[in-house]
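Quick notes on the structure that follows.
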Amino acid sequence: MDGGHGERADGGIRQPGYEVLEVLGRGGFATVHRARQLSMDREVALRIDGRQLLSERDRKRFLREVTAAGRLSDHPHVVAVHDAGVREDGHPYLVLELCPGGSLADRLARTGPLPVAEARDIGVALADALAAAHAAGVLHRDIKPGNVMINRYGGVALTDFGLAALPRPGHDLSVTREALTPAYAPPEAFRLVEPSAAGDVYSLAATVHALLCGRPPHFPEDGGEPSLAEIIVRQTQPLPDLPGVPADLMAVLRRALAADPAERTIDAAGFRDALAAADLGSAPVAPAPAPAPVAPSPVGFGPAPVMAPGPPGASGDGAGAVTEPEAGPRSPRAGARRRGPLLAAVAASVVLAVGAGAGLVLLMNGDRPDDGGTADPLASGPPADGRPAGDVPPADDPGADPGGAGEDGSAPGVEWGVPTTAEDCPAADIEGADAACVVEPECWGGMVVITGNVSITAADCRAEHVWETFAIAPLPADGLTHHQAELAAHPTVREVCSAEVLAASLNERGREREADSWEPDVLPPTEAQYAAGSRVLRCVAASIGPDGSRLTRHHFGPAESD
């Protein structure tokens, strides 16, 4: 990990056996500190993850991933893992080899594209490390220049093996992509296909592409950053040639970057050997005309489905926690200004059936088309026990008193978008939160997280579903955001959406399930709702059975209403 100068440690971080010296980098999911390992008297990188692992299941998964990745530490092109564990507060940590050269993303930002031979040789070295990982049954899932470090000997080494698999509590890996970096992710990742070795090969080839020209595949030459919608569409188009890159090497990259995994070089060892055998003396390809501008709305999207894009962020932070598209040194943040309802519409419709030469077929989380993808499930609440969702209500009134109860103890409901009540509602007892409970049960399908952005679909409570609403509250006055990770970290939100409030809110049926199987999470307003003035969040709960079974019927609110 990066050993350059960073900000002084000011968070009072203490880790037994280590002297924490300074902060090297902060990302969306982790903070990396320079520290001294007292027993060995050596400097290391201490990576503390921002996520909390509250269940034994998630702790075991983390340790299983790290243990597997730790077996790769003796490979010369893998950053060594010295120690790992879960802190008392539930945050996992890693102790890693300190890499004073920073990351390849840092180098690209400083010096621009690398010479062809050096970029090829780096690709060979990383592909060898990846082949060793795959042979050991370990996937990386988030290869990009920011996750390739330069060690004290000038060599390159992959870091953050397995950490993209680390979910937030209650999130199945099959429906979660916490650390997905769109610019380097394989096309199938946006369809929520299970991570695979072929996906890792694609991301590594995309990294080599960036080393050669300073930008990820399909990014425009002018340094602009395409929206997520444009990236998804561009991935279905032919890969343009790179001027000055030998034709033989370009052919190797093109095979590894095939949009269809069936046409891709799927074996890391095969990619390594093909790179090594590429004839760098072959004629460079001639400059090719830029592809026609992407029409970002090929299927006529309607209003944005449930999606809350995260805040703009820089590339590589040394923590492997970069979640914005990571581009080369000429990439301004212009792309952030282009994000809007279109980005939300495409990114939220994560299950994208991309056919060869075909357009995009949108399905919400693999469920029904949902009226052509135009409905916003959070705008009026999901169907509860079969009742249809109503029309989209007016935007929430940020100045209204969300906790105000009527004579019967029910909140007016206008500012919430759904009827609410403070009567017999544990969340309403949280001081200063102004929280309430929904009058009718709310149920949801799988929650998808891509680069900190959340999408979720409404579900019929009588049918199989994953999440249920157990509380609803206004955004804190000092935490006005639609970005889920930031919102979930706010002290008031953590208290309202806590496991304690969840447990107190269960009805009789809910209490029949194993108590430790229930896990809470936070559902923020969509970007479109937030822009329109919505300041309401939901606390939701999931309970996945040991056999992977999901919920049916509802577990919060009066059980007699079945």
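The values are calculated or read from the model by the stated rules, or taken from the named source; none is laboratory data. Since this is a predicted model, take the numbers as computed values, not measurements. Here the Cβ positions follow ideal geometry from the backbone for every residue, glycine too, while neighbour counts run over all protein chains shown.
Quick look at the numbers
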| read-out | value |
| --- | --- |
| Among (1) buried (at least 23 other Cβ atoms within 10 Å of the Cβ); (2) touching a strand residue (DSSP E or B) at 6+ places or on another chain (Cβ under 7 Å) - the single one His482 does not satisfy | (2) |
| Filtered residues of the range 478-496 (kept if assigned to a loop (DSSP other than H, G, I, E, B) and not hydroxyl-bearing (Ser, Thr, Tyr)) | Asp478, Gly479, Leu480, His482, His483, Ala489, His490 |
| Subset of the range 145-169 [on the phi > 0 side of the Ramachandran plot and at pLDDT 85 or above] | Gly154 |
| Per-region count, the range 102-123, residues in contact (Cβ under 8 Å) with a residue 60 or more places away in the chain and assigned to a loop (DSSP other than H, G, I, E, B) | 4 |
| Which numbered condition Leu72 misses (of (1) buried (at least 18 other Cβ atoms within 10 Å of the Cβ); (2) modelled with pLDDT under 90; (3) touching a Leu at 6+ places or on another chain (Cβ under 8 Å)) | (3) |
| Residue satisfying condition, being out of contact with any helix residue (DSSP H, G or I) (no Cβ under 7 Å at 6 or more places or on another chain) and within 14 Å of Arg538 (Cβ to Cβ), within set Glu514, Glu500, Glu468 | Glu468 |
| Helices (runs of 4 or more DSSP H) contained in the range 188-276 and holding at least 2 residues modelled with pLDDT of 90 or more and crowded, with 19+ Cβ neighbours inside 10 Å | 197-213, 247-256 |
| Test: residue in the range 429-445 that is under 14 Å from Ser543 (Cβ atoms) and either in contact with a helix residue (DSSP H, G or I) (Cβ under 7 Å, 6 or more places away or on another chain) or not charged (D, E, K, R) (or both) | yes |
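Listed here are the residues, each with its yes/no results for (1) in contact with a strand residue (DSSP E or B) (Cβ under 7 Å, 6 or more places away or on another chain); (2) over 16 Å from Asn151 (Cα atoms).
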position	(1), (2)
Arg26	no, yes
Glu43	yes, no
Arg47	yes, yes
His75	no, no
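Residues checked against (1) under 25 Å from the mean Cα position of the chain (by Cα); (2) in a loop (DSSP other than H, G, I, E, B); (3) not aliphatic (A, V, I, L, M):
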position	(1), (2), (3)
Ala504	no, no, no
Arg511	no, no, yes
Asp521	yes, no, yes
Pro525	yes, yes, yes
Ala528	yes, no, no
Ala541	yes, no, no
